[in-house]
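Notes follow the structure.
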Amino acid sequence: MIAEDLEIEMPIDVDIIALDKDDRIVALIEVKIIQAQETAAKQRIAAYMISWMKAALAKMSEQRTVIPYAMFVDTEQILIFKWDGVNLSEPVCSLNTGEILRYYQPDFGSKSIFGHTIETLVEAWLHDLAYHWKSETPPASKQIAEIGLLPMLAGGTTKSEVRLGGNFIYRD
C-alpha cells in the first residue's frame with residue numbers, strides 16, 4: 001500500500017515527537033514491535049508504517065506544519081528520513097536498535113520487550129542527544145549530526161502518545 005492510498009484524519013495520533021528548544025516539532029517518531037517472523041512480512045509491515053508516516057507528514061504539511069524528520073523504530077532498526085513538505089527521502093540514517101538502546105537498558109533484547117519500553121528508551125536516547133545527561137557522546141551522535149538532526153534536538157524535549165492537529169498538539 002502506498003501513502004497516497006491512506007486516509008489520514010486529523011488529529012493524528014503519534015507515538016513520539018521531538019521538539020526543538022523553541023517547541024517546534026522536528027521529528028515524528030513511530031515505534032512498532034513487529035511480531036511477524038518471516039522477513040518478507042516484516043518488510044511489508046515496515047513499508048506500510050513508512051507509508052503511513054509519509055501520509056501523516058503530508059497531512060501536517062497541508063496544515064502548514066512541516067516536520068523535517070521522521071523516524072521509524074522497531075526492535076531491529078531505527079530508520080531516519082527527511083521530509084521537505086512534499087517528498088519523504090529514502091532513509092538518511094539506519095541504526096541498529098539494540099546497539100543504541102542497550103546503552104540505556106543493558107539487557108535490551110535479551111527478554112520480551114513491550115512497545116512502551118522501546119518508546120521510553122528512544123526518548124531517553126533523544127534526551128541524551130539533547131542534553132548529554134548520560135554521556136558526552138551518546139550513541140550515534142556522529143550519524144545524527146551528519147544528517148542535520150542533532151542541532152535541532154539540542155535543548156529540546158520529547159512528548160509521547162500525542163495527538164497532532166496541524167500547528168498544535170492536543171494535550172490532556
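Just so it is clear, none of the values below were taken in a lab; they were calculated from the coordinates. Since this is a predicted model, take the numbers as computed values, not measurements. Please note: Cβ atoms are built from the backbone with ideal geometry, for glycine as well, and neighbour counts cover all protein chains shown.
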With each pseudo-label sitting 7 Å past Cα toward Cβ, what's the GLU146-GLU9 distance in nm, one decimal? 4.2
Treating only the Cβ atoms of Lys and Arg (+1) and Asp and Glu (-1) as charged, compute the dipole magnitude of the chain about its Cα centre; round to the nearest 20 debye. 200
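Once R0 is set to 30 Å, what does the formula 1/(1 + (r/R0)^6) return for the Cβ-Cβ distance between GLU76 and ASP22, expressed as a FRET efficiency to the nearest 0.05?
On the way: r = 33 Å, r/R0 = 1.12.
Result of the calculation: an efficiency of 0.35.
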Flagged links, alpha-carbon separation over 20 Å, of LYS42/LYS142; LYS82/LYS142; LYS54/LYS82: LYS42/LYS142
Ordering of 126-136, 33-43 by packing [mean C-beta count within 10 Å, highest first]: 126-136, 33-43
Per-residue counts of other Cβ atoms within 10 Å, averaged by peptide: what ranking do you get for 23-32, 6-15, highest first? 23-32, 6-15
Which value at 222 nm does the chain reach when only helices count, each DSSP H run of 4 or more adding -39,500 (n - 2.57), with the total divided by all residues and rounded to the nearest 500 deg cm²/dmol? -10000 deg cm²/dmol
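Calculate how many DSSP beta bridges within the chain are antiparallel, expressed in % of all such bridges and rounded to the nearest 5.
In the chain, approximately 80 percent of DSSP beta bridges are antiparallel ones.
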Highest-first arrangement of 83-92, 58-67, where packing means the average Cβ count within 10 Å: 58-67, 83-92
Below 8 Å, C-alpha to C-alpha, sequence gap of six or more: please give me the relative contact order for the chain in percent. 30
